[in-house]
Amino acid sequence: MTGVPAGSNTGSGPAPPKSGAWALGTLASITAVVLVLMLLVLNQGTSDAGGRARRDNASASGSAGSTQPTGTAVAPSTVPRPGLRKPVADLDETVEWTAPIAVANVTCAGPTRVGDTIAVMCDNRHLYGFDRLSGDQQFDTTIDQDAPTFTNAPTAAVGHLALYARTNEVVAVDIPSGVIAWRAPRDFVILGVAGTDTAIAIVGGGHVEALDPATGQPRWQAPVDPALRGQQVRLDLGPTDVVTSLGAGLQAFDITSGQSHWTAPLTTSDVTAIHAAADGVYAIDDHGTVVGLDAGTGAVRWTRNGHFEGTQQNIAGGDADRVYVVSTNELGALGTRDGAIAWSFTAQDAVQQRDGLDRASWSEDHLLTRGAGDVWLVTPASGAATASRHMNSASPGLVHDGHLYILEATGNSRAPWRLQSIALP
């Protein structure tokens, strides 16, 4: 038996006619119910959008109670979230040369370009150099005889030196000969080293020091403000200043004289990366807060928080318009003038797993990152991926003259690493 709506006439004869007033009342009730449901749906959508907007607005503001300027709030719906998506060009098809590092059971770091040499440092304390055009090995230099320890990539400086900082010594290797140019021992722990085409600086022992590129002797030494000292130590060189952080603040020194230009205490956590440029100084802390400062005065221009969570917060680099920021959970581009997000995506957007992004690098207007076991070439203007290669690399690599130079783990214990040159599309 087919059921019928309650209240229906179940007799054998036709239902009696309904009055006009009853029909109109029923229509009005139905209309009211429909309107209520529509309002509930619209209100839910507005609430969700408002919540997202509020979260992003909060990310553009400074810390609670902070007097720092804030960045421009950007509604999430207007921020491109390109992610790392295939199909893209396969970099496996454009490998030009491969140079194996045939040393058993070592861990290596790099690469670093110094002129036409690609340098790699391994934890057997050897620095290896390869010709960037042919891949031919140029030298194998023993830095010291210490037991193997964790190894960082060498630092390029003054066009012809590769620097390696030990616990209490900086070693400079001439490129391309591979001959040790000088050693600069110190009676304190060296916590950071940085180099440009014209200068070398180190930090440690509560002060910053500039080194003579020809001899390694100190040109000047200047104390870091004790109020800035914390857990993390970072150092970078801009066009005119040495900028350092020993915790939750920055200090800039004249690169020639060592005079302190400015000090900027920050209401953030420990600074994990600094990018010093001609137009500004940018820093990120271990909670993902990014700060943009005036390069001349240290005044805070903008603060962007609520993004770049996870770990390994870093600033890959930047150009005149944008600074490129990464953590294990997010990669994005922020405007240098106001901190506005040009584009951004999280590891869940990109590779469908949290903590799926592994560092990024910036060289010669190319942005590289790693995620889901691939190295990706990302367009700086849009954040869209244009090429990738599935590989286990030591870093995202570096770009020079249209080529990607990258150090790959082979899985072979007898020759565990190989350096490759890959032509970019």
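The values are calculated or read from the model by the stated rules, or taken from the named source; none is laboratory data. Note that the structure is a prediction, hence the values are computed from the model and not measured. Note: ideal-geometry Cβ built from the backbone for every residue, glycine included; neighbour counts use all protein chains shown.
Here is how the numbers come out for the structure above:
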item: Any hit, segment 211-220, residues being among the basic types (Lys, Arg), crowded, with 16+ Cβ neighbours inside 10 Å, touching a residue at least 40 places away in the same chain (Cβ under 8 Å) and part of a strand (DSSP E or B); result: no
item: Unique residue being over 19 Å from Asp197 (Cα atoms) and buried (at least 18 other Cβ atoms within 10 Å of the Cβ) when the list is Thr244, Thr297, Thr303, Thr263; result: Thr303
item: Hits in segment 261-303 - residues which are among the charged types (D, E, K, R) and either over 18 Å from Asn329 (Cβ atoms) or part of a loop (DSSP other than H, G, I, E, B) (or both); result: Asp270, Asp279, Asp286, Asp294, Arg301
item: Options Thr346, Thr369; residue that is of a type outside the set (A, V, I, L, M, F, W, C), within 15 Å of the chain's Cα centre (by Cα) and closer than 21 Å to Pro425 by Cβ; result: Thr369
item: From the options Ile118, Ile143, Ile190, Ile101, residue that is surrounded by 16 or more Cβ atoms within 10 Å (Cβ to Cβ) and at pLDDT 95 or above; result: Ile118
item: Search result, residues across segment 312-357 that are within 20 Å of Gly397 (Cα to Cα) and at pLDDT below 90; result: Ala347, Ala350, Val351, Asp355, Gly356, Leu357
